[in-house]
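Take a look at the following structure, please.
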Amino acid sequence: MIRNELRLLRHDPVPAAVLVGMPLVLMTLLSDAMKSTLAAGGHEGAPGSAQTVPGMACVFASFAIAVVGFAIFREHGWRTWPRLRAAGLSGRKLIGGKLAVPALLVTAQHVVLFGFGVLFLDLEVSGSWLAVIFIAALFATLVLVAGLAAAAALSTIQQVNAVTNLGAMALGGLGGGFVPVDSLPEWVQPIAPLSPVYWAMDGYETAILEGGGVGDVLGPLAVLAAFTAVFAGIALWRFKLDAPKRTWG
Amino acid sequence: MSLALTGVVKRYGERVALDGVDFSVPAGAVVALLGPNGAGKSTLVSIAAGLLAPDSGSVSVRGRPGLAPQEIGIYPSLTVRENLWAFAELYGVSRRRAERWLEPFVLTELADRPAGRLSGGEQRRLHTAIAVVHRPKLVLLDEPTAGADTQTRSAILDAVRGLAGDGAAVVYTTHYLPEIEELGADVALLERGRIIASGTIEELVARHAESLVEITYTDGRTERRPGTSLHGLGDDVVRAEVIRPSLESAYLALTGRRSAE
Ligand SMILES: Nc1ncnc2c1ncn2[C@@H]1O[C@H](COP(=O)(O)OP(=O)(O)O)[C@@H](O)[C@H]1O
Ligand SMILES: [Mg+2]
C-alpha cells in the first residue's frame, strides 16, 4: 500500500513540492525583516532565520493535517476504500499506509528547511540540536495524528478542506509561526497557548536562541504530547472503517 | 462450498436489508443474484466480501474473495497497468501475473493510459479485472454489466465463464435476464431481503413461469393476463405482448415486475 501511495505521489508531486518549496521562499524573503523583530523582542544580533525557519517549519508542517485528511478522503472519492478493505487490510495497516507518505513529507520538509537555514540563512542553534529534533519529531507526530482525527471526525471533503487548511493558517499565526507571539497584538497573547504551534515555537526559541538543552524543553514537549494525545483520542473515538465519507460528485 | 451464508440478517437502523438469508455457492458455479433495486443484493455481496458484518447468522468464505463493487473503484491518475499492480501488491501477486488479466478484459492496448481517461465501459472492465487479479476462489461481481457496452459485456461474461471453468465460484448480480440465460447460470432471486426462489433456469421456469399477455392501454395502464390469447382486445390498447414461459415470465410471476423495471 505504501508503494501505491508513492506511486500516487509520483503522478501528482505538485502539492508536496509546494509544501517544501513555498516555506523556503517565504523564509528567504522574511528573514531580514525578522531580524529587527527578534532584536525588539530581546534577542539582539540573532539572525531572522531563528524565527523564520522554525516558524515556517511549523506552519507548513501543519498543512500535513490536510495531506493526511485528503489521503483518506480521496480513497473514498475514488471508491477504492472498500476495495482496500476487501483486500483484507486491517484498520492498522490502512492507517499506517496512509500516514507513511505524509510522515516522509513532513520529515523531508524539516530536513530541507533547517538545512537551508543553516547553509544559507545563518541559522545557528546555540543550545542542543537534539532538543530541536525532539520538538520537530513530536510536532510532526502531532500534525499526522491531527490529520487522522480530522479524517475520522469530519464527514465531507469540504469540511476537511476548511478545517485543516484554515486551521493550519490560524493556529500557525496564533502560535507565532509567522511573527513571534510577543509582537502579536495584546489581546492575542493570552490565547496564543491554545495553539500547538505556540509550544513548538517556545521550545525552538529555548533551544535555538537561549542555549537550552533537552531538559529545558521538556515543558513544551509535554504540552505537545498532550495535544497529540487529545487528537489520538478523537481519532480512536471517531474512526470507523465503514463510515460514509462524502467527497466530490 | 466456496460461500455459505446461513440465516443472515442485516439491518440498517430500522430498515431490514437482509431478513434471514440462506445462500451458498459451490466451487465452479456461477450464481446470478437477481432482484429489484433495494432487494438487498449489494448488502449480501458486501457481507460475503467481509465489508459488513451480519447482525445475526453466519458467513463462511473460502479464501479471500475478489470483489467488484457496484460503483467503479479505480485510481484515475494511475495507468491501467498500475491499477492492476496496486491491487496485485496488496494480495502478494506478481506484476506479471496481474498483467495477464489485461488481455481477457480487452485492456492490452489501454495498459499505459491513465484510468481516468478511459470510457465508462473500459473503466468497468478494469474495475472487474482488479477483482480477480489474485485468482480468488470466490468472485463477487455487483452489477458488472450495468450500463456496459457490448464489448464490455461480452468480455466480462467470457471472464466469468473462464473463472468458473477454473473452479472459482462466481456470484453475479444483474438485472439482465438474457445474460443469465447466455451464461447458463444458476439463479437466486432476492426480494425485500429474502431469497424467494432459487435453482437452475430450467427449474425456475418449470416451477414459476407461465405464458402471459402484457397489455398496455392508451392511458398508460398495463395489465397482465394468463394465457397467450390476443383476442378481444379493445381500441384502447396500444401494445400487447405475449410472454412465453421463460426466465422473464418466472421473474414476473415471482415479483410482479418486469426485470428491467
Ligand atoms: N448504508 C446504508 N444505510 C441505510 N440503508 C441502506 C444502506 N445501504 C443499503 N440500504 C438499504 O438497504 C436496502 C438494500 O439495499 P441494497 O443492498 O443496496 O440493495 P440492491 O443492491 O439490491 O439494490 C435498501 O432498502 C437500501 O435503501
Ligand atoms: Mg446494489
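Coordinate-derived values only; no laboratory data. The structure presented is a predicted model; accordingly, all values stated were derived computationally and were not measured. Glycine also receives a Cβ, built like all others from the backbone with ideal geometry; neighbour counts cover every protein chain displayed.
Report the local net charge at B:ARG153: Lys and Arg +1, Asp and Glu -1, summed over other residues whose C-beta lies under 14 Å from its C-beta.
My count for the surroundings of B:ARG153 gives -4.
Count the net charge of all other residues whose Cβ sits under 14 Å from the Cβ of B:GLY165, scoring Lys and Arg as +1 and Asp and Glu as -1.
Summing Lys and Arg as +1 and Asp and Glu as -1 gives +1.
So what are the radius of gyration and Dmax for the Cα set of the stretch B:204-255, in Å?
Cα only, the stretch B:204-255: 11.6, 35 Å (Rg, Dmax).
A further question follows. Using alpha-carbon positions, what is the distance between the centroids of the stretch A:164-196 and the stretch B:99-165, in Å?
53 Å
Report the normalised scattering of chain A as log10 I(q)/I(0) at q = 0.08, 0.11 Å⁻¹, calculated by the Debye formula with identical scatterers on the alpha carbons.
-0.31, -0.58
Name the helices (complete DSSP H segments) of chain A with a Cα length along the long axis of 24 Å or more and a Kyte-Doolittle mean of at least 1.0, or state none.
Result, helices passing both filters: A:14-40, A:91-120, A:129-153, A:218-238.
Follow-up question, since we're still on this one. Starting from the Kirkwood radius over alpha-carbon pairs of the protein assembly as shown, derive D by Stokes-Einstein at 10 °C in a medium of 1.306 mPa s and give it in µm² s⁻¹.
Answer, rounded: 60 µm²/s.
Now for a different question. Can you give me the Cα centroid spacing of the stretch A:6-30 and the stretch B:1-61 in angstrom?
Centre-to-centre (Cα) distance: 47 Å.
What number, rounded to the nearest 500 deg cm²/dmol, is the helix-based mean residue ellipticity at 222 nm of the protein assembly as shown, given -39500 (n - 2.57) per DSSP H run of at least four residues and division by all its residues?
-15500 deg cm²/dmol
Report, in debye and to the nearest 20, how large the dipole of chain B comes out about its Cα centre when Lys and Arg carry +1 and Asp and Glu carry -1 on their Cβ.
Dipole of chain B, to the nearest 20 debye: 840 debye.
I'd like the Kirkwood hydrodynamic radius of the stretch B:9-133, using the inverse of the mean 1/r over distinct C-alpha pairs, in Å.
16.2 Å
How crowded by other chains is B:59-72, given as the mean number of beta carbons from other chains within 10 Å of each beta carbon? Before the final figure, lay out each step's value.
Values: counts 0, 0, 0, 0, 0, 3, 3, 3, 5, 2, 6, 1, 2, 3.
Partner-chain Cβ atoms within 10 Å, mean over residues of B:59-72: 2.
Given the C-alpha atoms of the stretch A:62-202, compute the convex hull and give its volume per residue in Å³.
About 126 Å³ per residue, rounded to a whole number.
Additional query: Among B:GLU248, B:GLU191, B:GLU89, which one shows the highest mean-square fluctuation when chain B is modelled as a Gaussian network with alpha-carbon springs under 10 Å?
Answer for the Gaussian network model of chain B: B:GLU89.
For the peptides A:160-173, B:63-76, A:141-154, what is the packing order when you average, over each peptide's residues, the other Cβ atoms within 10 Å and list the highest mean first?
A:141-154, B:63-76, A:160-173
Binning at 10 Å from 0, report for chain B what percent of all alpha-carbon pair distances ends up in each bin.
Reading upward from the zero bin: 7, 28, 31, 21, 10, 3, 0.
If packing is taken as the mean number of other Cβ atoms within 10 Å per residue, what is the order of A:196-206, B:197-207, highest first?
A:196-206, B:197-207
Once the other residues with Cβ under 14 Å from the Cβ of A:VAL67 are scored (Lys, Arg +1; Asp, Glu -1), what is the net sum?
Around A:VAL67, the charge tally is -1.
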